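Below is one structure, written out as structure tokens; comments come after it.
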There are 2 protein chains.
Amino acid sequence: MPKQFQQLDRVFQALADPTRRAVVERLANGPTAMSELARPFAMALPSFAQHLDVLEACGLVQSQKQGRVRTYRLAPEPLQDAEQWMAQQRAHWERRLDQLDAYLNELKEQHHEPRSPSTDRLEA
Amino acid sequence: MPKQFQQLDRVFQALADPTRRAVVERLANGPTAMSELARPFAMALPSFAQHLDVLEACGLVQSQKQGRVRTYRLAPEPLQDAEQWMAQQRAHWERRLDQLDAYLNELKEQHHEPRSPSTDRLEA
């Protein structure tokens with residue numbers, strides 16, 4: 001399986017959890033220390049750390065340790081890749097709707113067009 | 001947990017699989033019969049049907065049976081919700097970068113600005 005497919009698997013998997021999405025939302029506003037990130041969650045720190053590990057493994061966040069403080073920041077490329085995949089599907093879908101719409105209009109025009117003896121079909 | 005959160009959980013979970021993403025890609029180009037959808041995959045039909053069930057359970061696809069043929073079509077709203085969530089995170093992140101950029105420029109200007117005796121600071 002191409003590497004990019006595996007990456008999308010892991011990014012979507014990482015985002016399929018409300019705690020991990022909340023962490024991404026928080027980090028979109030700037031780098032944050034782990035203790036600060038964990039504060040809003042009624043969760044043991046080791047469990048919370050596992051969520052951070054999932055986010056870091058798929059490349060959505062990066063961390064750096066300085067002294068005893070580990071700080072996390074968002075790495076936006078994987079998010080952009082996933083967003084781009086979704087935008088592509090929507091674009092295909094919308095183009096298809098446009099095509100359907102054009103086809104329906106064509107049918108309508110054919111239906112309402114007044115037939116005159118001069119049309120090709122009647123002359124033939 | 002709010003209903004919208006659960007929905008995002010399930011949509012991202014559904015998209016975390018290459019077979020299911022391939023089905024979404026196929027359906028973005030128009031409704032397709034199940035047998036036709038299954039054709040490109042070296043997979044037993046019951047396994048493939050489970051993937052379709054996951055996609056249908058989270059609302060990403062809808063199906064209709066006519067005679068012996070079940071046809072699937074894309075339901076784009078859940079995809080749009082997930083895309084919107086991603087776009088929001090990116091917007092926050094980009095706004096933060098802009099703010100950082102403005103701050104850095106401000107620092108640079110202060111650093112390079114020639115000090116003159118007429119500035120407020122020196123007059124005070």
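The values are calculated or read from the model by the stated rules, or taken from the named source; none is laboratory data. Not measured: the values here are computed from a predicted model. Here the Cβ is made from the backbone with ideal geometry for all residues, glycine too, and neighbour counts use every protein chain on show. Accessible surface is based on the protein model in full, side chains and every heavy atom, while ligands, DNA and RNA are left aside. Shrake-Rupley method; radii C 1.70, N 1.55, O 1.52, S 1.80 Å.
One residue of chain B places its C-beta nearer than any other to the axis carrying B onto A; that residue and its whole-Å distance are B:Phe12, 2. The H on the amide N of A:Val61, modeled in the peptide plane, is under 5 Å from the matching H of A:Glu56, A:Ala75, each at least 5 residues off or on a different chain. Rounded to the nearest 0.05, the FRET efficiency derived from the C-beta distance between A:Tyr103 and A:Arg70 at R0 = 45 Å is 0.20.
Starting from the label point of B:Ser63 at 7 Å along Cα→Cβ, the same points in the other copies fall at 4.1 nm, in ascending order. Using a Förster distance of 35 angstrom, determine the FRET efficiency expected from the C-beta separation of B:Arg39 and A:Asp53, and round it to 0.05. About 0.35, to the nearest 0.05. Of all accessible surface on the protein assembly as shown at a 1.4 Å probe, what whole percent is carbon and sulfur? Reported share for carbon and sulfur atoms: 50 percent.
Across all Cα atoms of chain A, the radius of gyration (one decimal) and Dmax (whole number) stand at 26.3, 91 Å.
For the stretch B:3-76, with equal point scatterers placed on the C-alpha atoms only and solvent neglected, what are the log10 I(q)/I(0) values from the Debye formula at q = 0.15, 0.16, 0.21 1/Å, to two decimals? Relative scattering, expressed as log10 I(q)/I(0), comes to -0.46, -0.52, -0.89.
In chain B, the longest principal axis of the Cα atoms and the axis of helix B:76-112 are about 20 degrees apart. Around the Cα centre of the stretch B:52-116, unit charges on the Cβ atoms of Lys, Arg, Asp and Glu (plus for the first two, minus for the last two) sum to a dipole of about 460 debye.
Between 0 and 90 degrees, the angle of helix A:18-27 with respect to the longest Cα principal axis of chain A falls at about 80 degrees. Shown for B:Leu107: label points 7 Å from Cα along the beta-carbon vector, and their distances to the equivalent points in the other copies, 6.3 nm in ascending order.
Between this copy and the others, label points of A:Glu77 are 3.7 nm apart in ascending order, each placed 7 angstrom from Cα in the Cβ direction.
Near the amide H of B:Ala33, within less than 5 Å, lie the amide hydrogens of B:Tyr72, all on another chain or at least 5 residues away, with H placed in the peptide plane. Note on the stretch B:3-76: with charges restricted to the Cβ of Lys and Arg (+1) and Asp and Glu (-1), its dipole about the Cα centre is near 200 debye.
Based on alpha carbons, the Rg and Dmax found for the protein assembly as shown are 26.2, 97 Å. Across the alpha-carbon set of the stretch A:1-40, the Rg to Rh ratio works out to 1.11, Rh being the Kirkwood radius. Once the gyration tensor of the Cα atoms in the stretch B:37-107 is diagonalised, the equivalent ellipsoid follows with semi-axes of 45, 13, 8 Å, ordered largest first.
Buried accessible surface for the B/A chain pair comes to about 3100 Å², total over both chains, computed with a 1.4 Å probe. In this structure the protein assembly as shown gives 65 Å² per residue of accessible area when probed at 1.4 Å with all protein chains present.
Burial annotation for the stretch A:1-49: residues with an accessible-area loss of at least 30 Å² between the isolated chain and the complete set of protein chains, computed on heavy atoms with a 1.4 Å probe, are A:Asp9, A:Phe12, A:Gln13, A:Leu15, A:Ala16, A:Pro18, A:Arg21, A:Glu25, A:Ala28, A:Asn29. The long axis of helix A:3-15 is offset from the longest Cα principal axis of chain A by roughly 70 degrees.
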